[in-house]
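Following: one structure in structure tokens, then a few remarks.
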Amino acid sequence: MTLFHIIWYDILPLFAFMGCGWFLDSRFKIDLPTYSRLNVYVILPCFIFYSLYRAELSPDGLLLIPAAILLMVLLYIVSAIAGPHLTYNRRQVSDFEAVSTFSNFGNIGIAIVMMVYSHMPFLVDGKAVYLKEAMGSMALLMILMNLAVNTFGAAMIRSEKSSLIDILSYLGKMPSLYAALLAVLVRWVGISIEGTFIQSVLGHMDGAFLVLIMVTVGVELHRTHFTKPDTYTIGAAFIKLILSPLLAWAILLFLPGLSLISRQVFFLASAIPSSMSLIIYGAEFKKKSDHLNQAIIFNFFVSIITVTAAIYLMPVLFPM
């Protein structure tokens, strides 16, 4: 029942939004650069700001931050080593590193955690007693990943070379970075936007995030020439969906301070497929991004199997 609900309420709506983009582009030839710039320069920065502004951080959950950063660093190192052996194109190496490193916590991750902890075996007397803690942990990971993918990930996609200097150079041009810094400043100063028109504006932007992202992805997919999965595509999926959970499990062995729920959520999050936002940056910064798009979509479909396996292994590896 849990798997059915995940597919019916969380996965199929994503396909519906992508289908809308596919249909609109086939019927009317959507102006993709305009859509992409709307996402990159308006929707995503507002989403990042509002997410950081509303975040409720607990001392226990804060341990997830260094754990998630370490996991991303390890995935980046592995992909940086493997990438040049799978393609000779320097631009595709940067794409490979981004696809292998950054996850889709924002919609798929949150939705899966909500569904998993709302059903057996995580119910106590019919109540989802672990849901609040699980959602808090996933929200923290989501904010960190969204910040990473919309700054470092965007810089990697934009840069034709995968050197650190190039990435840092483009990082300074990412509007999401300044949105995050502004959110931190607003919280630190103690400025409240509750009850103001700004909160209403950000709330509407937050609601538009998923729809516009997935519609734009659908448009981009309609223009992508798909081929049989090659070693590049399969390699990215292996690192993101197989190696990532193994590395996450190893990291958790050295973090005794985390609660069992936070451990389970972190392990599950490590199996989430690559971020769809990377397709948006591919559309914005590159004339041709078929390899990037195909790797992300292949990643997404294979994750139906790997995420199911991760859900099954969670209570086995980290029993309550």
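Every read-out reported here was derived from the displayed coordinates using simple, explicitly stated rules and does not represent laboratory data. Everything numeric in this text was worked out from a predicted model, so none of it was measured. Glycine gets a Cβ as well: all are built from the backbone with ideal geometry, and neighbour counts include every protein chain shown.
Here are some notes:
- Under a model in which nothing but the beta-carbon of Lys, Arg (+1) and Asp, Glu (-1) is charged, the range 186-240 shows a dipole of about 180 debye around its Cα centre.
- What the Cβ-Cβ distance of ALA250 and PHE15 gives, at R0 = 41 Å and to the nearest 0.05, is a FRET efficiency of 0.75.
- Packing here is the average count of other Cβ atoms within 10 Å per residue, and on that basis the peptides 208-221, 306-319, highest first, run 208-221, 306-319.
- Long-range amide H partners of SER103 with built H, under 5 Å: SER275
- Neighbour net charge for LYS240 - beta-carbon separation under 15 angstrom, K R +1, D E -1: -2
- Neighbour counting of Cβ atoms within 10 Å sorts the residues PHE267, PHE47, fewest neighbours leading, into PHE267, PHE47.
- Maximal additional length on extending the HIS85-VAL129 stretch stands at 11.1 nm, based on 0.36 nm per residue less the C-alpha distance.
- One quarter of the convex hull surface built on the alpha carbon atoms of the range 240-281 amounts to 3.4 nm², the projected area averaged over directions.
- Exposure proxy ranking for TRP22, TRP188, based on other Cβ atoms within 10 angstrom of each Cβ and starting from the fewest, stands as TRP188, TRP22.
- If you plug the beta carbon distance of LEU182 and ASP206 into 1/(1 + (r/R0)^6) with R0 = 22 Å, you get a FRET efficiency near 0.90.
- Ordering SER303, SER200 by the number of other Cβ atoms within 10 Å of each residue's own Cβ, fewest first, gives SER200, SER303.
- Values of log10 I(q)/I(0), in the order q = 0.15 Å⁻¹, for the range 190-301 under a Debye, Cα-only, solvent-free model: -0.85
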